[in-house]
Amino acid sequence: MDVTLHLAQDPEADELLGRSPLAALVGMLLDQQVPMEWAFKGPSTIARRMGAEDLDAHDIAAYDPDAFAALLSEKPAVHRYPGSMAGRVQQLCRYLVDTYDGDAEAVWRGVGSGKELLKRLQELPGFGKQKAQIFLALLGKQLGVRPEGWREAAGAYGEADSFRSVADITGPESLTKVRAYKQEAKAAAKASGG
């Protein structure tokens, strides 16, 4: 994995996301209740605070939970809820260590179908169906991971030329389109009482 992503809108953070499968997964995990750029800048911030060039699932899983929460809470905080998200990041890393020997890319390496990949992503702690589908679409659209049926498994997020999620962000212009789509969807849900 070595591509240029534009999810954090920060060159250093985006470079890490493009080369580190674990950073991409952690960014996706953090992408809730905060602006997406903030979420996807998180992996870079965590790595820097740990004194590392990249994230390591073994190191994070073994980190003292209170110390890891403090690391994410330093100003500027990695997330609006740094303590609970620190626990979620560690839970994800423990799962990756136990299931994939800490190799995040093994979640999708050699997978036979989009359906199987979606299943694997949904098994990750903190990844519900929607988050798993968005990440699957990101893998397919920007990271070249395209097992048979990946678009179908990603649902609407897999559609070509759509601007629904982080999977569609390739720069500032597409970020603006994704934001507009999300605002329209939120307004429609509010209007229908959802």
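For the reader, a short list of remarks on this structure follows.
- Theoretical FRET efficiency, 1/(1+(r/R0)^6), r = Cβ-Cβ of Y181 and Q122, R0 35 Å, to 0.05: 0.90
- Look at where the Cα atoms of the stretch 1-58 and of the stretch 118-139 average out, and the two centres are 17 Å apart.
- Ordering L136, F68, C93 by the projection of their Cα atoms onto the charge dipole of the chain, which places +1 on the Cβ of Lys and Arg and -1 on the Cβ of Asp and Glu, puts L136 at the extreme positive end.
- Translational diffusion coefficient (Stokes-Einstein; Kirkwood radius from C-alpha pairs) of the chain at 4 °C, 1.567 mPa s, in µm²/s: 77 µm²/s
- Under a model in which nothing but the beta-carbon of Lys, Arg (+1) and Asp, Glu (-1) is charged, the stretch 48-119 shows a dipole of about 440 debye around its Cα centre.
- Here the chain is assigned +1 on the Cβ of each Lys and Arg and -1 on the Cβ of each Asp and Glu. Its dipole about the Cα centre then comes out at about 880 debye.
- Measuring with a 1.4 angstrom probe and ignoring ligands and nucleic acids, E173 comes out at about 130 Å² accessible.
- In a simple Cβ point-charge model (Lys, Arg +1; Asp, Glu -1; nothing else charged), the stretch 1-68 has a dipole of about 120 debye relative to its Cα centre.
- Just the protein heavy atoms count here, and of the accessible area of the stretch 75-126 at 1.4 Å, carbon and sulfur take up 47 percent.
- Distance between modelled label sites at K115 and D10, nm, 7 Å Cα→Cβ extension: 4.1 nm
- Residue-level accessible surface for Y63, protein heavy atoms, 1.4 Å, Å²: 70 Å²
- Solvent-accessible heavy-atom area per residue, rounded to whole Å², over the chain at 1.4 Å: 48 Å²
- For F127, the accessible surface of its heavy atoms amounts to roughly 10 Å² (probe 1.4 Å, protein chains only, rounded to the nearest 10).
- Loop-located trypsin sites (Lys or Arg not before Pro) in the stretch 97-194, at most 12 other Cβ atoms within 10 Å (DSSP): R109
The values are calculated or read from the model by the stated rules, or taken from the named source; none is laboratory data. Keep in mind the model is a prediction, meaning the values are calculated, not measured. Methodologically, a virtual Cβ is constructed for each residue, glycine included, from the backbone with ideal geometry; neighbour enumeration extends over all protein chains shown. The area values use the complete protein model at the heavy-atom level, side chains included, leaving out ligands, DNA and RNA. Shrake-Rupley method; radii C 1.70, N 1.55, O 1.52, S 1.80 Å.
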